[in-house]
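Engineer: Quick one: the structure is below, and I'll ask about it shortly.
Nothing in this text is a laboratory measurement; each read-out follows from the coordinates by a stated rule. The structure presented is a predicted model; accordingly, all values stated were derived computationally and were not measured. Cβ coordinates were reconstructed from backbone atoms using ideal geometry, including for glycine residues, and neighbour counts include every protein chain displayed.
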Amino acid sequence: MQYLPIFIQIKQRPCLVVGGGSIAARKVALLRKAQANVTVVSPQLCDELQNLSEEQLIQHENREFQDSDLDTCVAVIAATNQRPVNKRVSELAHQLRLPVNVVDNPDLCSFIMPSIIDRSPVVIAISTGGSSPVLARLIRTKLEGIIPAAYGRLATLVDGFRDKVKAAFPDVESRRDFWEKILAGSVAERVFSGHESEARQLLQKAIDEQSVEPTMPGEVFLVGAGPGDPDLLTFRALRLMQQADVVVYDRLVSPAIMEMVRRDAEIVYVGKERDKHTMQQENINQLLVRLAKEGKRVLRLKGGDPFIFGRGGEEIEELAQEGISFQVVPGITAANGCSSYAGIPLTHRDYAQSCVFVTGHLKDGSVDLNWKALAHPHQTVVFYMGLHGAPTLCKEMVAHGLSASTPVALVEQGTTPQQRVLIATLDTLLDVIKNEEIKPPTLIIVGEVVTLHDKLKWFEEHHADNVDGVFAYKD
């Protein structure tokens with residue numbers, strides 16, 4: 001290890017920056033974030049530093065660097081474009097045993113500036129020892145996405161209970177076991193979902209029980225898995241998928257996404273197909289309630305978005321009625337995901353002034369829609385679960401004013417490697433469905449925006465040459 005990673009307390013302590021350009025401004029911003037009293041020595045300042053000086057947020061010495069500038073500071077950063085000046089600052093700082101950083105010159109530094117993930121009071125520093133700052137930033141970017149911003153609030157909550165936990169658990173081992181349980185469970189999730197008062201109550205309850213395995217109430221995570229591509233999952237969805245004790249999932253959740261759930265979780269399939277329901281919706285609602293009342297963390301994983309024709313509202317209504325804690329994580333709904341991967345912008349302003357999402361059949365299997373409102377020439381209509389009702393769709397849209405030549409797109413298994421996009425019109429749609437043996441899940445898009453598919457089919461262009469023949473696209 002070339003450098004010892006340490007954190008220095010510089011709050012309200014004098015720090016010096018030599019240089020007044022944009023690089024110096026970035027270093028000043030970091031020092032100010034750590035609440036240092038910053039002095040900048042430079043005959044010229046960039047606009048950002050000039051504004052800070054005028055607002056008296058930094059002290060500015062309008063001149064060249066002088067040796068005496070190091071007399072009162074506790075740390076110094078040299079950020080000029082003149083190596084002799086930077087070298088002089090470094091030599092003097094080393095003589096005075098002051099921490100010194102010279103930007104882009106590791107050989108002149110006694111400390112280096114890492115890439116930082118700030119979740120104060122949680123702070124993570126990433127360094128490559130000066131060998132590749134760009135690599136450090138790339139690593140930081142990857143970590144940023146998997147570390148919730150609420151970790152800072154969680155750390156603050158924990159800090160307020162440390163003395164109580166010490167009193168309840170005198171020995172170090174039991175305290176460590178207790179905190180590991182708390183920080184990986186319901187208390188942390190309450191903080192992440194914005195319910196800090198509930199988190200405090202749960203943490204106090206756990207302390208009162210004086211158990212390293214405190215009894216925690218169950219909860220349900222209603223998570224949208226998106227249309228199929230695992231890369232479209234949200235960060236929160238992925239985190240909850242790794243924490244659940246039980247996973248209750250639908251038919252439209254892709255196998256690739258199921259591979260990402262916690263390995264030792266109990267898996268319950270409740271998928272539905274037309275005229276073939278593994279479990280009735282009412283029974284699913286009751287299952288979620290029962291599992292949560294057993295103290296389990298239940299992941300209800302649904303294709304697309306839970307609130308867009310996903311019956312998520314019915315499920316959380318039951319949970320709320322039973323007093324079960326839950327949180328909802330939106331997903332990319334099929335209309336957005338499939339149209340994007342098909343190169344069909346639903347609201348391109350040259351073609352559509354509105355967009356409507358409708359379901360192709362009602363709870364009893366019938367099709368009963370406001371066809372007059374749907375059949376507008378400057379509107380895009382997206383039909384979910386519309387294959388069975390396609391004959392009615394074609395007949396009614398034409399009967400209510402749309403031309404029989406209105407473009408229609410069928411997107412089968414959208415966003416997945418098996419995606420197929422087929423283009424038809426209202427008068428040829430039924431033949432295409434029959435001849436191409438289209439099967440669910442398939443989204444039907446009606447409107448002039450469909451004509452953009454051939455020009456904008458980016459996903460097809462990227463994958464059409466797959467050597468295994470997995471991708472099939474037909475127009």
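Engineer: Compute the length gained on full extension between Ala125 and Asp104: take 0.36 nm times their separation in residues and subtract their Cα-Cα distance, giving the result in nm to one decimal.
Structural biologist: Here the segment from Ala125 to Asp104 would lengthen by 5.8 nm.
Engineer: Would you work out which of Gln353, Asn62, Ala342 lies farthest towards the positive end of the dipole of the chain? Charges go on Cβ: Lys and Arg +1, Asp and Glu -1.
Structural biologist: Final value for the positive-end residue is Asn62.
Engineer: Still on this structure, please answer the following. Arrange the following residues from fewest to most other Cβ atoms within 10 Å of their Cβ: Met279, Met385.
Structural biologist: Listing Met279, Met385 from fewest to most nearby Cβ atoms yields Met279, Met385.
Engineer: Quick one: if you stick a label point 7 Å off each Cα along the C-beta vector at Ala373 and Thr359, how many nm between them?
Structural biologist: The two pseudo-label positions are separated by 1.5 nm.
Engineer: Further question on the same structure: Given the pairs Lys372/Lys395; Lys302/Lys455; Lys205/Lys296; Lys142/Lys296; Lys302/Lys439; Lys205/Lys293, which span a C-alpha to C-alpha distance of over 23 angstrom in this model?
Structural biologist: Checking Cα-Cα distances, Lys302/Lys455; Lys142/Lys296 exceed 23 Å.
Engineer: Just going by the charge dipole of segment 338-463, with Lys and Arg at +1 and Asp and Glu at -1 on Cβ, which of Phe459, Phe383, Thr428 is farthest out on the positive end?
Structural biologist: Phe383
Engineer: Between Gln210 and Arg290, how high is the FRET efficiency from 1/(1 + (r/R0)^6) when r is the Cβ-Cβ distance and R₀ = 25 Å? Nearest 0.05.
Structural biologist: The value I calculate is 0.30.
Engineer: Any idea what the dipole of the chain comes to, in debye rounded to 20, about its Cα centre with Lys/Arg Cβ at +1 and Asp/Glu Cβ at -1?
Structural biologist: The calculated dipole for the chain is roughly 900 debye.
Engineer: Also, quick follow-up: Taking H placed 1.01 Å from N in the peptide plane, check which residues at least 5 places from Glu219 or on another chain put their amide H under 5 Å from its amide H.
Structural biologist: Counting only residues 5 or more places away or on other chains, the set is Lys296, Arg297, Val298.
Engineer: Just check segment 54-97 against the gyration tensor rule for me: Cα atoms, a ≥ b ≥ c as the square roots of the eigenvalues, rounded for a/c under 1.5, and otherwise prolate or oblate depending on whether a/b exceeds b/c.
Structural biologist: It comes out oblate by the Cα gyration axes.
Engineer: With only Lys, Arg, Asp and Glu charged, each at its Cβ (+1 for the first two, -1 for the last two), find how big the charge dipole of segment 338-463 is about the Cα centre; round to the nearest 20 debye.
Structural biologist: Using Cβ point charges on Lys, Arg, Asp and Glu, segment 338-463 gives about 200 debye.
Engineer: Give me the distance between the Cα centres of segment 438-457 and segment 323-399, rounded to whole Å.
Structural biologist: If we compute the Cα centre of each part, the gap is 12 Å.
Engineer: Now for a different question. Using alpha carbons only, how many angstrom separate the centre of segment 8-63 from the centre of segment 293-308?
Structural biologist: 49
Engineer: Further question on the same structure: Counting other beta carbons within 10 Å of each Cβ, put Asp118, Asp67, Asp229 in order, fewest first.
Structural biologist: Asp67, Asp118, Asp229
Engineer: Starting from the Cα gyration tensor of segment 338-463, take the square roots of the eigenvalues, sort them a ≥ b ≥ c, and report rounded, prolate or oblate (rounded when a/c is under 1.5, otherwise prolate if a/b is larger than b/c, else oblate).
Structural biologist: oblate
Engineer: With the cut-off at 1.5 for a/c, could you classify segment 301-348 from its C-alpha gyration tensor as rounded, prolate or oblate?
Structural biologist: It comes out prolate by the Cα gyration axes.
Engineer: Relative contact order for segment 151-209 using alpha-carbon pairs under 8 Å, separation at least 6, rounded to a whole percent? Write down the numbers at each step before the final one.
Structural biologist: Values: 26 pairs, mean separation 21.9, N = 59.
Relative contact order for segment 151-209 comes out at 37 percent.
Engineer: Counting Lys and Arg as +1 and Asp and Glu as -1, each charge on the Cβ, what is the dipole of segment 14-113 about the Cα centre in debye, to the nearest 20?
Structural biologist: On the way: 9 positive and 12 negative charges, 60 e Å.
My answer is approximately 280 debye.
Engineer: Under a point spin-label approximation (7 Å from Cα along Cα-to-Cβ), what is the Ala184-Ile116 distance to one decimal in nm?
Structural biologist: Placing both labels 7 Å beyond Cα along the Cβ direction yields 3.1 nm.
Engineer: Any chance you could tell me what percent of the C-alpha pair distances in segment 157-254 go past 15 Å? Intermediate values should be presented prior to the final figure.
Structural biologist: On the way: 3092 of 4753 pairs.
It works out to 65 percent of all Cα pairs.
Engineer: Over the chain, what is the mean sequence separation of C-alpha contacts under 8 Å (at least six apart), divided by residue count, expressed as relative contact order in percent?
Structural biologist: So the answer I get is 9 percent.
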